[in-house]
Amino acid sequence: MSDDIDIDIRVTPALHPRVVEEIEGWGDDTKTVLAETQTAFSTAYETLRKVHDTREVVNANPGWNDDQKLLQVDNFAKKHLAAVTKTFDTARANLTKGIDFLEGQLAEPVQVKAATAIAGQIRDFARNLPDGKRHEFLREAIRDDDHETVTALLGAPPYLSGLNREFQAVYLRLYHERNSPGVAKRLQVMRAAKELIESNAGKVFTEMEKAIGGKGAKANMVRKAQEAAEKALGGI
């Protein structure tokens, strides 16, 4: 998709759809789940290009004064800005739903197996080990595909095993990457895509302001003056 969109120096590269392809894990097996995110960036990038193009065309019209030109460009920008932000909001919401689903899909079997009586004994054993031995015990269980031990330690609150939440999260990721690599990879890229939207989508507003000439506040003043004049004329 992004190969069809040329680089435009008037628009920040942070909104080019190619940034999605820079997500770690992007590839033929994950680009489908990132398609909506890439479409959102593509929509934003192309819309900003159109606003820049519109400004150039409008500014070349000798029949309008500067205020009229500004208002025309600002009206065009506002008309399309809502569609851009909605596209980003929808993509982020769908990523959140997908992440929640995959996290549940990975967590459920681990939590179920952690509820057995022997799982509690395994946690007691791990909790009584020195910290270094505890981590070695868990890493070895992951390497050996000892699902009973791993799920006992990772499917219950971490303090029951002498772990903390950060370490438990790291070991869970390692365990899922080893045993459910496809799901774990999709989850990884979806989380990254969500973070990308959260960090970059807001740049649309500053880029839109730049595209209309950095005079959004003045455009609002012109619009209000025009509306007031039309209202006054309507009362005559």
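The values are calculated or read from the model by the stated rules, or taken from the named source; none is laboratory data. Treat the numbers as computed from the prediction; the structure is a model and nothing was measured. Neighbour counts run over all protein chains shown; Cβ positions are idealised from the backbone, glycine included.
Tally time: how many residues in region 74-106 are over 17 Å from residue 194 (Cβ atoms), small (Gly, Ala, Ser) and without any contact (Cβ under 8 Å) to a residue 60 or more places away in the chain?
Residues in region 74-106 being over 17 Å from residue 194 (Cβ atoms), small (Gly, Ala, Ser) and without any contact (Cβ under 8 Å) to a residue 60 or more places away in the chain: 2 in total.
Answer yes or no: is there a residue in region 77-86 that is within 27 Å of residue 187 (Cβ to Cβ), among the small types (Gly, Ala, Ser) and at pLDDT 90 or above.
Scanning region 77-86, I find no residue that is within 27 Å of residue 187 (Cβ to Cβ), among the small types (Gly, Ala, Ser) and at pLDDT 90 or above, so the answer is no.
Among the residues in region 94-110, are any in contact with a Gly (Cβ under 6 Å, 6 or more places away or on another chain) and surrounded by 12 or more Cβ atoms within 10 Å (Cβ to Cβ)?
Taking region 94-110 first, the residues in contact with a Gly (Cβ under 6 Å, 6 or more places away or on another chain) are 110.
Subsequent filtering for residues that are surrounded by 12 or more Cβ atoms within 10 Å (Cβ to Cβ) retains 110.
The answer is yes, given that some residue of region 94-110 is in contact with a Gly (Cβ under 6 Å, 6 or more places away or on another chain) and surrounded by 12 or more Cβ atoms within 10 Å (Cβ to Cβ).
Residues in region 11-33 that are charged (D, E, K, R), assigned to a loop (DSSP other than H, G, I, E, B) and surrounded by 15 or more Cβ atoms within 10 Å (Cβ to Cβ): how many?
Quick first cut of region 11-33, residues charged (D, E, K, R) only: 18, 21-22, 24, 28-29, 31.
Still in the list and also assigned to a loop (DSSP other than H, G, I, E, B): 24, 28-29, 31.
Those still in the list that are surrounded by 15 or more Cβ atoms within 10 Å (Cβ to Cβ) too: 31.
The total comes to 1.
Within the group 56, 22, which residue is within 20 Å of the chain's Cα centre (by Cα) and of a type in the set (Asp, Glu)? Lay out the reasoning, then the answer.
Details: 56 fails: within 20 Å of the chain's Cα centre (by Cα).
Within the list 56, 22, the selection yields 22.
So, restricting to helices (runs of 4 or more DSSP H) that lie completely within region 118-216, which ones have at least 1 residues that are within 26 Å of the chain's Cα centre (by Cα)? Spell out the reasoning first.
Values: elements: 131-143, 147-154, 165-179, 181-200, 203-211.
Because the criterion is at least 1 residues that are within 26 Å of the chain's Cα centre (by Cα), the helices (runs of 4 or more DSSP H) in region 118-216 that meet it are 165-179, 181-200, 203-211.
Here are 104, 25, 98, 63: which of them is among the small types (Gly, Ala, Ser) and at positive phi?
Working: 104 fails: at positive phi; 98 fails: at positive phi; 63 fails: at positive phi.
Testing whether each residue is among the small types (Gly, Ala, Ser) and at positive phi leaves just 25.
Going residue by residue through region 34-55, is there one that turns out to be crowded, with 16+ Cβ neighbours inside 10 Å, outside any helix (DSSP H, G or I) and either at pLDDT 95 or above or aromatic (Phe, Trp, Tyr) (or both)?
Yes, that holds for at least one residue.
Of the residues that sit in region 63-93 and are small (Gly, Ala, Ser) and surrounded by 14 or more Cβ atoms within 10 Å (Cβ to Cβ), which one is nearest to residue 53 (Cα to Cα)? Break it down stepwise before answering.
Of region 63-93, the ones small (Gly, Ala, Ser) are 63, 77, 82-83, 91, 93.
Then drop every residue that is not surrounded by 14 or more Cβ atoms within 10 Å (Cβ to Cβ), which leaves 77, 91.
Working: 77: 11, 91: 27 Å.
Looking at the filtered set, the residue picked out is 77.
Tally the residues that are of a type outside the set (Phe, Trp, Tyr) and surrounded by fewer than 20 Cβ atoms within 10 Å (Cβ to Cβ), restricting the search to region 143-161.
Step one: filter region 143-161 for residues of a type outside the set (Phe, Trp, Tyr), giving 143-158, 160-161.
So of that shortlist, the ones also surrounded by fewer than 20 Cβ atoms within 10 Å (Cβ to Cβ) come out as 143-148, 157-158, 160.
Number of matching residues: 9.
Is there any pair linking a residue in region 3-31 that is closer than 20 Å to residue 88 by Cα and free of Cβ contacts under 8 Å to residues at least 12 places away in the same chain to one that is of a type in the set (S, T, N, Q) and crowded, with 17+ Cβ neighbours inside 10 Å, with Cβ under 8 Å and at least six apart or on different chains, and which?
Final answer for the pair search is 31/38.
Among the numbered criteria (1) β-branched (Val, Ile, Thr); (2) closer than 30 Å to residue 17 by Cβ; (3) loosely packed, with under 14 Cβ neighbours inside 10 Å, which one does residue 183 miss?
(3)
Pairs please, first residue from region 198-213 and over 14 Å from residue 19 (Cβ atoms), second anywhere and outside any loop (DSSP other than H, G, I, E, B) and charged (D, E, K, R), Cβ atoms under 7 Å, 6+ apart in sequence or on different chains.
Matching pairs, first to second residue: 211/55; 212/55; 212/74; 213/55.
Conditions: (1) of a type in the set (A, V, I, L, M, F, W, C); (2) in contact with a Ser or Thr (Cβ under 8 Å, 6 or more places away or on another chain); (3) under 24 Å from residue 97 (Cα atoms). Residue 33 meets all but one. Number of the miss?
Answer for residue 33: the failing condition is (2).
Do we find that residue 74 is among the charged types (D, E, K, R), out of contact with any strand residue (DSSP E or B) (no Cβ under 9 Å at 6 or more places or on another chain) and farther than 30 Å from residue 172 by Cβ in this structure?
On the way: among the charged types (D, E, K, R): yes; out of contact with any strand residue (DSSP E or B) (no Cβ under 9 Å at 6 or more places or on another chain): yes; farther than 30 Å from residue 172 by Cβ: yes.
Taking the combined requirement at face value, the residue satisfies it.
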